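The values are calculated or read from the model by the stated rules, or taken from the named source; none is laboratory data. Here the structure is a predicted model, which means the values were calculated and not measured. So basically every Cβ, Gly included, is an ideal-geometry build from the backbone, and we count neighbours across all protein chains shown. The protein model used for the area step is the full one, side chains on, heavy atoms only, and it has no ligands, DNA or RNA in it. Shrake-Rupley method; radii C 1.70, N 1.55, O 1.52, S 1.80 Å.
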Amino acid sequence: MSTITVTPIAGSLGAELRGVDLRTMDNHAWAQVHQAFLDHKVIAIRDQDLGAQDMMDVGARFGEPNHYPFVKGLDGFPFLFDVIKEPSEKRNFGGGWHSDTTYLKTPPMATLLYALETPPKGGDTLYCDMVAAYESLSERMKQLLGGLNGVFSAGLKNSGGRSLHHAQIGAMKVTAGETADTYEAVHPVVRTIEETGQKAIYCSKVHTTHFEGMTGDESHPLIEWLVAHATRPEFTCRVSWKPGTLTVWDNRRTMHNAINDYQGLRRHMRRLTSGPTVPA
Ligand code: SIN
């Protein structure tokens, strides 16, 4: 029976896991990995050696695969795609605090990101804990947010548009930026996590254009404040990647932000989202 070590990496969320081979794990090992995911929201599983099919198999433990609409998948693996930044490129993919594809009607519960090549310095990913951020609010603010729905768009309306953004990430097979505005969904700004009963703030500057029934001008100050609040240092953790690290994060209870601090260096990751859910 395998002994998996689970070591927290920050006070609020995030843990590092060692001592498991995800390709061969049995149900007992999976139960420990899953429990660590529920307990810590972000798990960085070190020293893996995953091919495309292995990654699909691990993703299936978390749920059905989700399709990402704006990047072409790998040949034979349409749900997997590579996140690459070449030394010559300036923009990165996944910068700015967000939860993944919240503009879909059924956004993914989990994202799996596997490091194939990492820069010798930089290229970490930040995460923040949307449950801790919610729990620290005043009761009156919780009530206010509990009555709000957010309108989520893929158009990156607050940061210049997806076509423009994607056009600057040349190494990736990006597609369909011009149809981004058609991807829109309405979700509650406070969602409840089925397994734990926890409540989490569900809102970002990257995707939430406004609150339903309110104008953008009326909504933006509160969206700005919620993101500033949720990303206070005590609600964050940071994953430093090494080739062979698979990090799985819970999109229902976290946001993430890929740090673009490795200009002139190459970073190559592989990404899969799993577990389509209706936020409620
Ligand atoms: C993403 O937002 O899915 C990418 C995060 C990263 O590359 O660190």
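Can you find even one residue in the stretch 145-165 that is at pLDDT 95 or above and under 29 Å from residue 118 (Cα atoms)? Checked the stretch 145-165: no residue is at pLDDT 95 or above and under 29 Å from residue 118 (Cα atoms). Here the stretch 119-128 is the region considered, the condition is being within 10 Å of the ligand (Cβ to nearest atom) and outside any strand (DSSP E or B), and the residue that is surrounded by the most Cβ atoms within 10 Å (Cβ to Cβ) is 123.
State whether the residues of the stretch 245-267 include one that is away from the ligand (no atom under 13 Å from the Cβ) and free of Cβ contacts under 8 Å to residues at least 40 places away in the same chain. The answer is no, given that none of the residues of the stretch 245-267 is away from the ligand (no atom under 13 Å from the Cβ) and free of Cβ contacts under 8 Å to residues at least 40 places away in the same chain. Scan the stretch 246-266 for residues that are in contact with a Lys or Arg (Cβ under 9 Å, 6 or more places away or on another chain) and over 29 Å from residue 135 (Cβ atoms) and report the count. Going through the stretch 246-266 one residue at a time, the tally reaches 6. Of 51, 96, 76, all but one fail to be open to solvent by 20 Å² or more (accessible area, probe 1.4 Å) and closer than 25 Å to residue 198 by Cα; the exception is 96.
Answer with yes or no whether residue 131 is open to solvent by less than 20 Å² (accessible area, probe 1.4 Å), over 21 Å from residue 255 (Cβ atoms) and either assigned to a helix (DSSP H, G or I) or among the basic types (Lys, Arg) (or both).
On the way: open to solvent by less than 20 Å² (accessible area, probe 1.4 Å): yes; over 21 Å from residue 255 (Cβ atoms): no; either assigned to a helix (DSSP H, G or I) or among the basic types (Lys, Arg) (or both): yes.
In short, no.
Can you list residue pairs whose Cβ atoms sit under 8 Å apart, with the first residue in the stretch 99-118 being under 20 Å from residue 149 (Cβ atoms) and assigned to a strand (DSSP E or B) and the second being modelled with pLDDT of 95 or more and within 12 Å of the ligand (Cβ to nearest atom)? Count only pairs 6 or more apart in sequence or on different chains. If the second residue must be modelled with pLDDT of 95 or more and within 12 Å of the ligand (Cβ to nearest atom), the pairs left are 108/100; 108/101; 108/251; 108/273; 109/251.
When you scan the stretch 187-200, do you find a residue that is in contact with a Leu (Cβ under 8 Å, 6 or more places away or on another chain), within 16 Å of the ligand (Cβ to nearest atom) and at negative phi, even just one? Before the answer, list the steps.
Step one: of the stretch 187-200, the residues in contact with a Leu (Cβ under 8 Å, 6 or more places away or on another chain) are 188-190, 195-196.
Next, only the ones that are within 16 Å of the ligand (Cβ to nearest atom) stay: none.
No, the conditions are met nowhere in the stretch 187-200.
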